[in-house]
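Engineer: This structure is in structure tokens; I'll ask about it shortly.
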Amino acid sequence: MANMTTDVRFVRGIGEARAKSLQKLGILTLRDLISWFPRAYEDRRVYRRIDELETGESACVRAVVATEPRLSHVRKGLDLVKLRVVDESAALELTYFNQSYVKDSLRVGEEFVFYGKAEGTPRRRQMVNPLFEKEGADQITGRIVPVYPLTAGVTQTVLRKAVRQGLDECADELSDFLPEDVRREHCLCHVRYAYENVHFPADDEALAVARRRLAFEELFLLTLGLKLLRARRADVAGQQCEAVELEPFYAALPFTLTGAQKRAVEDAVRDMSSGRPMNRLVQGDVGSGKTMVAAAAIWFAAQSGLQSALMAPTEILAEQHYKTLAPLLERLGVPCALLTAATSAKTRRSILGQLQAGELTLVIGTHALLSPDVVYRRLGLVVTDEQHRFGVDQRAALGAKGDHPHLLVMSATPIPRTLALMIYGDLDVSLIDELPPGRQKIDTYAVNSGYHERIYAFVRKLVAEGRQAYVICPMVAENDALPDERKAVTAYAEKLRAEAFPTLRVAPIHGKLKAKEKDAVMREFAAGQIDVLVSTTVVEVGVDVPNAAVMLIENAECFGLSQLHQLRGRVGRGAHKSYCILVSDNEGEENKRRLAVMVKTNNGFEIAEEDLKLRGPGDFFGSRQHGLPTLRAADLTGDMELLYEARAAAERLLAEDPELAAHDALRRRITELFELNAGAMN
Ligand code: ADP
Ligand code: MG
């Protein structure tokens with residue numbers, strides 16, 4: 001009798017040769033085989049009389065072979081088989097290319113079901129290469145048929161047969177490791193039904209029920225596994241903060257925190273008082289006020305005598321944080337310093353001395369904070385801003401400088417929550433899903449280049465009112481070469497200066513400039529000495545120029561949705577009504593849809609969801625998968641609710657049985673799933 005770890009070779013009817021091809025897909029065991037879920041389904045349940053067929057429609061036809069199939073060799077490598085079949089309504093001409101075996105399978109007078117696309121005209125119906133089987137077989141016609149992901153040398157037919165055999169083989173072996181009460185509570189079908197119907201669904205409803213069960217199971221196992229791992233890691237002792245009231249901090253702020261900000265602060269404070277190291281991701285759209293959450297955490301740590309380090313991806317961002325945070329925190333008795341590559345040697349020495357002596361409580365900087373000569377007296381909290389620009393290893397390097405310091409990661413990359421939970425499986429997530437009050441919507445327009453004159457006039461008008469503008473330069477490749485961004489930006493800035501904005505101060509900025517030069521230009525722009533900044537996407541990261549009120553993006557079709565959103569987030573940061581203008585001459589459906597999303601909403605999470613739908617989750621996962629088990633059944637774009645359900649179920653189960661002592665099969669399955677990744681997860 002087969003069990004789930006049986007080599008597919010030994011599954012009845014598969015054998016060496018087939019097993020070899022299945023291996024190419026990574027299908028080694030019986031479990032692999034039945035977990036090779038279809039990527040799509042073909043609905044072949046529609047039957048038609050021949051005279052009812054519509055041109056272009058795919059359908060099943062019950063028909064009798066009327067003429068002897070004729071085989072002809074057209075030329076080398078091209079054989080044709082032609083024959084005619086009939087039903088009570090009309091005749092249908094069939095042509096098979098290079099399938100000469102058909103000649104012997106289709107005998108005059110026998111009835112078959114054919115499935116294919118109707119071609120020709122109503123008076124002369126044809127099908128090319130229709131599938132067929134004996135009337136009543138119901139294997140590949142008359143039903144919903146799975147369509148599997150394939151690789152060279154493996155066909156749908158091979159896979160369908162193999163899966164069918166696999167399912168029959170393990171019929172009695174498919175034991176359910178979902179606890180019975182979880183299954184009942186969440187209305188999940190039995191495992192046997194699920195596997196059967198995910199491959200060979202009886203109907204749409206059966207498929208939905210099956211898929212839901214399998215996706216739930218996958219998410220349930222994943223969250224259980226993550227929670228078990230986290231529980232293990234949480235055995236490490238963290239630096240426990242005293243549970244002081246946050247009132248003095250709140251009272252010092254010029255505004256009231258939003259509910260979402262407060263919740264994030266409370267999450268962080270709870271973590272830091274728990275005695276375990278905090279590992280928290282704060283996710284919030286651009287402008288949602290993440291900095292204040294960091295400030296609260298820093299202040300809170302300081303009350304227990306702990307030092308904090310805040311790391312930003314660029315010098316200008318570090319400086320900006322310093323300018324915001326130092327006045328506030330120093331007033332509250334938290335001494336701060338800025339340490340970047342631009343810091344003079346003398347100042348640097350003094351800062352290092354003070355850090356080591358514990359006279360500084362917060363140091364803000366860039367990667368410079370990672371150098372070996374930066375030594376802390378009692379580093380208790382590490383905050384990283386815009387973490388997507390930081391490698392995990394860098395996070396770890398900074399973390400290693402203290403005794404398991406608390407970690408707070410801030411990210412404005414709007415990742416849908418489902419993905420955040422997966423990608424940052426090792427982090428707890430606080431979501432700031434609310435903007436501070438009084439924010440104005442950034443009016444967004446998608447237009448074609450015919451509007452340029454009007455756009456330029458609009459920019460001139462806003463600049464006359466004292467505002468500033470960003471122009472994201474078109475990057476058009478010439479002769480297949482990669483565009484030279486320096487040339488493109490400089491040339492475009494010249495052109496704008498000469499033609500559209502002769503009286504304005506126009507300056508270029510691009511990634512080829514040295515960090516120092518870039519900073520210098522950004523500083524001039526921030527100081528209002530430049531009216532129109534012509535740029536590549538280097539302005540994408542969180543620079544704050546509240547006076548900028550227009551973001552003009554040329555060739556908007558070249559950018560991903562999330563990138564467009566990040567760019568747009570550069571404006572609308574002050575009291576001024578702001579605008580985003582997307583210029584594109586691309587008439588493609590997908591491009592239009594993307595731009596329409598931008599026009600419709602300012603909400604980064606909504607945009608990220610749309611982006612995910614349009615691009616698929618592959619881009620998000622990439623190399624960041626952190627060794628998580630692959631998801632086969634769960635679809636991260638659509639199964640949010642299910643993820644919450646699965647998480648809740650996992651939490652409840654662990655509350656009752658933290659070691660899963662009473663759930664042997666379940667525990668073994670999780671170990672199996674995470675085994676390969678154990679190193680990556682710890
Ligand atoms: P981000 O989440 O993009 O880092 P910031 O922390 O830079 O956002 O905040 C954006 C702006 O909003 C800042 O000027 C900040 O002072 C302001 N801000 C933050 N929180 C609030 C609040 N609760 N009420 C009003 N303004 C706020
Ligand atoms: Mg920020």
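The values are calculated or read from the model by the stated rules, or taken from the named source; none is laboratory data. Owing to the predicted nature of the structure, the values given are computational and were not obtained by experimental measurement. Cβ coordinates were reconstructed from backbone atoms using ideal geometry, including for glycine residues, and neighbour counts include every protein chain displayed.
Engineer: Say whether the condition of being more than 19 Å from Ala137 (Cα to Cα), out of contact with any strand residue (DSSP E or B) (no Cβ under 6 Å at 6 or more places or on another chain) and surrounded by 13 or more Cβ atoms within 10 Å (Cβ to Cβ) is met by at least one residue in region 37-45.
Structural biologist: Within region 37-45 (the criterion being more than 19 Å from Ala137 (Cα to Cα), out of contact with any strand residue (DSSP E or B) (no Cβ under 6 Å at 6 or more places or on another chain) and surrounded by 13 or more Cβ atoms within 10 Å (Cβ to Cβ)), the answer is yes, since at least one residue qualifies.
Engineer: Applying the selection to region 294-320, what residues are out of contact with any strand residue (DSSP E or B) (no Cβ under 6 Å at 6 or more places or on another chain) and either of a type in the set (Phe, Trp, Tyr) or in a helix (DSSP H, G or I) (or both)?
Structural biologist: We begin by selecting, within region 294-320, every residue out of contact with any strand residue (DSSP E or B) (no Cβ under 6 Å at 6 or more places or on another chain); these are 295-296, 299-300, 302-305, 313-317, 319-320.
Residues satisfying the conditions are Ala295, Ala296, Trp299, Phe300, Ala302, Glu315, Ile316, Leu317, Glu319, Gln320.
Engineer: Just a yes or no: is a residue in region 304-313 crowded, with 21+ Cβ neighbours inside 10 Å, within 14 Å of ligand 1 (Cβ to nearest atom) and more than 17 Å from Gly402 (Cα to Cα)?
Structural biologist: yes
So that you can scan it fast, the table gives a plain yes or no per residue for (1) touching a strand residue (DSSP E or B) at 6+ places or on another chain (Cβ under 9 Å); (2) closer than 25 Å to Leu306 by Cβ; (3) outside the structural domain of Pro405 (by TED's automatic domain parsing):
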| position | (1), (2), (3) |
| --- | --- |
| Asp203 | yes, no, yes |
| Leu222 | no, no, yes |
| Ala251 | no, yes, no |
| Ala264 | yes, yes, no |
| Val282 | yes, yes, no |
| Ser288 | yes, no, no |
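Engineer: Show the residue pairs that are 6+ apart or on different chains and have beta-carbon atoms under 7 Å apart, the first residue being within region 543-568 and closer than 17 Å to Val459 by Cα, the second being within 16 Å of ligand 2 (Cβ to nearest atom) and of a type in the set (A, V, I, L, M).
Structural biologist: That search, which allows pairs on different chains as well, returns Val545/Ala526; Ala548/Val571; Ala549/Val571; Val550/Val571; Met551/Leu567; Met551/Val571; Ile553/Leu567.
Engineer: Now, a different point. For the subset of region 272-300 comprising residues that are away from ligand 2 (no atom under 14 Å from the Cβ) and charged (D, E, K, R), which member is surrounded by the most Cβ atoms within 10 Å (Cβ to Cβ)?
Structural biologist: Arg280
Engineer: I'm checking my understanding of the structure. Among residues of region 489-517 that are farther than 16 Å from Asp531 by Cβ and without any contact (Cβ under 8 Å) to a residue 40 or more places away in the chain, which one is nearest to the chain's Cα centre (by Cα)?
Structural biologist: Filtering first and then ranking leaves Gly511.
Engineer: What strands (runs of 3 or more DSSP E) lie completely within region 60-136 and have 3 or more residues being among the hydroxyl-bearing types (Ser, Thr, Tyr)? Working first, answer last.
Structural biologist: Details: elements: 70-75, 78-86, 91-97, 111-117, 119-121, 124-128, 131-134.
Answer list for region 60-136: none.
Engineer: Could you tell me whether region 215-222 includes any residue that is in contact with a helix residue (DSSP H, G or I) (Cβ under 7 Å, 6 or more places away or on another chain), modelled with pLDDT of 90 or more and within 22 Å of Asp657 (Cβ to Cβ)?
Structural biologist: Yes.
Engineer: Another question, if that's okay. How many of the residues making up region 1-23 are part of a loop (DSSP other than H, G, I, E, B) and modelled with pLDDT of 85 or more? Step through it out loud before you land on a result.
Structural biologist: Filtering region 1-23 down to residues part of a loop (DSSP other than H, G, I, E, B) leaves 1-6, 11-14.
Now drop any that are not modelled with pLDDT of 85 or more, which leaves none.
Matching residues across region 1-23 total 0.
Engineer: What's the number of the condition Cys241 fails, among (1) within 16 Å of ligand 1 (Cβ to nearest atom); (2) touching a residue at least 60 places away in the same chain (Cβ under 8 Å); (3) under 24 Å from Gln354 (Cα atoms)?
Structural biologist: Failing condition for Cys241: (1).
Engineer: Have a look at Thr223, Thr258 and point out the one that is crowded, with 19+ Cβ neighbours inside 10 Å, among the hydroxyl-bearing types (Ser, Thr, Tyr) and within 16 Å of ligand 2 (Cβ to nearest atom). Show your work before the answer.
Structural biologist: On the way: Thr223 fails: within 16 Å of ligand 2 (Cβ to nearest atom).
Result of the check over Thr223, Thr258: Thr258.
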